[in-house]
Amino acid sequence: MAESNEINQEESLKLENQLCFPLYAAARKVTNLYTPFFSSLGLTYTQYIVFLVLWEKDNETVGDLCKKLFLDHGTLTPLLKKMETLGYISRKRSKQDERIVTVSLTQKGKDLKEKAKEIPGQVGSCLRLSSEKCAQLYRLLYELLNVLDPEDQ
């Protein structure tokens, strides 16, 4: 019986048997598809997803951005500082609670939305998956995110 357990443990350590690896590799490849489109706008992928949230609902707190983007404050704060330096956003501390910082788009940040409108379609055409498969993958990934972080449901 011990030998069978050792074989299962050996199998479990193969790269091909890891759920994390295809998720990681696919995420990198899909993110890399965006790179040429972002280069012309001078953006990174992470800046782009911050814009997506703010274009949908401006004046978000840093905490809400962290929750929506599944990022921690240590990752997001330097990114927001850079976006502020570039003139895309402004950050303002709450007068009631200085720990709360609200992020707002500047006119330059709002204007960028028009330039970015084509990106989702351009990237989507590179995926070579049917719309049904894309929808299925989308649902499964959000199901996984919700299982891993149930308080954000």
For THR61, placing the label point 7 angstrom along Cα-to-beta-carbon and taking the stretch 101-124, residues whose amide nitrogen sits under 14 Å are 101-103
Restricted to pairs 8 or more residues apart or on different chains, the lysines in the stretch 64-153 with C-alpha atoms under 17 Å apart form a number of pairs equal to 6
For the ARG93, LEU41 Cβ pair and Förster radius 30 Å, calculated FRET efficiency rounded to 0.05 is 0.55
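Using only alpha carbon pairs under 8 Å that are at least six residues apart, calculate the relative contact order of the chain and give it in whole percent.
Worked out over the chain, it gives 18 percent.
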quick shape note, the stretch 8-153: Cα extents on principal axes in Å, largest first -> 57, 35, 24
In this structure, the FRET efficiency calculated for LYS110 and THR31 from their beta-carbon separation, with R0 = 30 Å, to the nearest 0.05, is 0.75
For LYS117 the rounded accessible area (nearest 10 Å², probe 1.4 Å, non-protein molecules ignored) is 120
Taking a ≥ b ≥ c as the square roots of the Cα gyration tensor eigenvalues, with a/c under 1.5 meaning rounded and otherwise prolate when a/b beats b/c or oblate if not, the stretch 44-105 comes out rounded
Of every hundred units of 1.4 Å-probe accessible area on the chain, the number belonging to carbon and sulfur atoms, as a percent, is 55
The answer for ILE89, listing residues at least 5 apart or on another chain whose modeled amide H is closer than 5 Å to its amide H, is GLU84, THR106
The FRET efficiency for GLU11 and GLN136, from their Cβ-Cβ distance with R0 = 35 Å and rounded to 0.05, is 0.80
With +1 at each Lys and Arg Cβ and -1 at each Asp and Glu Cβ, the charge dipole magnitude of the chain around its Cα centre, to the nearest 20 debye, comes out at 1040
Compactness summary of the stretch 61-144: radius of gyration and Dmax from Cα atoms, Å, are 16.8, 50
The ³J(HN,Hα) series, computed from each phi in the stretch 129-136 with the Karplus coefficients 6.51, -1.76 and 1.60 at θ = phi - 60°, rounded to the nearest Hz and given as x for glycine or proline, is 10, 5, 4, 5, 5, 4, 5, 5
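The values are calculated or read from the model by the stated rules, or taken from the named source; none is laboratory data. Not measured: the values here are computed from a predicted model. Positions of Cβ are backbone-derived with ideal geometry, glycine not excepted, and every protein chain shown enters the neighbour counts. When the accessible area is computed, the model is the full protein with side chains, heavy atoms only, and any ligands, DNA or RNA have been set aside. Shrake-Rupley method; radii C 1.70, N 1.55, O 1.52, S 1.80 Å.
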